[in-house]
Amino acid sequence: MLLELFIELSKLTGNQFIISTHSPVFINEKTYNHVFRIYKDHENVSRAITIKDMPEVKVKDLLQLINTTNNEKIYFADAVILVEGITDRIVFQKILDDFNSDKNIEIIEVRGKSNRKKFRKFLDELKIPNFFIGDFDVITNLDGSEEIKGIFKTNEEKIYKDVIKNKGSKDGKELVHQLEKAVENCDCGELKELWEYIKYLRKEIDLEKLEDKEKEKINNFIESKKSENIYILSKGEIEDYLPEEYKTKDVENAIRLINSSEDYNKWKETLEYKELENLIIEIINKITSRG
């Protein structure tokens, strides 16, 4: 409402208004052409960047994504930690809060691995240091990891259940369509591409059955991605780190855990918690070292 008033006043008076704010309500698809972000570089010199001047980013589309996920606060952050889902955000926010960092670090859920690159590119353009904490299976979606991807095996039962047997499966319908085209045109290119995509979505790994050499390769790969500010949960998903009675997909369980002083303090003594805590410590140290 206030923003619309300024826009109307600008039209009526012919004057320009400069608004200095920490409120995200002023940033949306209608205003991004006029938004500047002021930040300090490594030499402590103030710089300005315009959101509209981002050739590598489809700004309007990303702003829509950010606004619909209520993540507008990233514009005012000293650094941003991107996580996959709401349980990740709740757990890592609690761990981060325990450190009482003097930096304004926001933890944002990207709601799907496919949005990771979009958010990171946008934050890079805004000169906001950013980090990503992802589930173990994000490995199959990272560049330069063909050897690691080979360790993952396709779950054929899932393909049968999700694609072949499921009458409502869009992939199943598309598979039939591409089969028809391949037979008609004697060209399997698109069919092969679809089949690889279907298999890719259903690749799994049994961490307990890995050979020592495979474990070493994976651990080395996980460690190497930290230089790109990518942190991978080595045990799987965030739920795999929680105490046994809290290991479900129900978000309320994560909330119950962090609100139970007794259970939370017990969990803090476990190796699972220590791994998550160490990720946050590494990230805080990186942010602090930048000044």
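The values are calculated or read from the model by the stated rules, or taken from the named source; none is laboratory data. Since this is a predicted model, take the numbers as computed values, not measurements. Here the Cβ positions follow ideal geometry from the backbone for every residue, glycine too, while neighbour counts run over all protein chains shown.
For the stretch 72-88, the tally of residues that are closer than 23 Å to Leu233 by Cα and buried (at least 20 other Cβ atoms within 10 Å of the Cβ) stands at 8. Residues in the stretch 19-54 that are modelled with pLDDT of 75 or more and not in a strand (DSSP E or B): Asp41, His42, Glu43, Asn44, Val45. On inspection, Leu210 passes the criterion of being surrounded by fewer than 16 Cβ atoms within 10 Å (Cβ to Cβ) and aliphatic (A, V, I, L, M).
Among the residues that make up the stretch 244-261, is at least one of them aliphatic (A, V, I, L, M), in contact with a Lys or Arg (Cβ under 6 Å, 6 or more places away or on another chain) and in a helix (DSSP H, G or I)? Walk me through how you get there before you give the answer.
Of the residues in the stretch 244-261, the ones aliphatic (A, V, I, L, M) are 251, 254-255, 257-258.
Of the ones still in play, those that are also in contact with a Lys or Arg (Cβ under 6 Å, 6 or more places away or on another chain) are 258.
Adding the requirement that they be in a helix (DSSP H, G or I) leaves 258.
Scanning the stretch 244-261 turns up at least one residue that is aliphatic (A, V, I, L, M), in contact with a Lys or Arg (Cβ under 6 Å, 6 or more places away or on another chain) and in a helix (DSSP H, G or I).
For the residues Ile222, Ile159, Ile205, Ile164, the requirement of being surrounded by fewer than 16 Cβ atoms within 10 Å (Cβ to Cβ) and among the hydrophobic types (A, V, I, L, M, F, W, C) singles out Ile164.
Taking the stretch 133-151 as the search range and keeping residues that are in a loop (DSSP other than H, G, I, E, B) and surrounded by fewer than 17 Cβ atoms within 10 Å (Cβ to Cβ), which one is modelled with the highest pLDDT? Let's see the steps before the verdict.
As a first pass, look at the stretch 133-151 and keep what is in a loop (DSSP other than H, G, I, E, B): 135, 142-145, 150-151.
So of that shortlist, the ones also surrounded by fewer than 17 Cβ atoms within 10 Å (Cβ to Cβ) come out as 143-144, 150.
Numbers: Asp143: 62, Gly144: 57, Gly150: 77.
Ranking the qualifying residues of the stretch 133-151, first place goes to Gly150.
Quickly run through the stretch 262-273 and pick out the residues that are under 18 Å from Leu207 (Cβ atoms) and part of a helix (DSSP H, G or I). Result: Leu271, Glu272.
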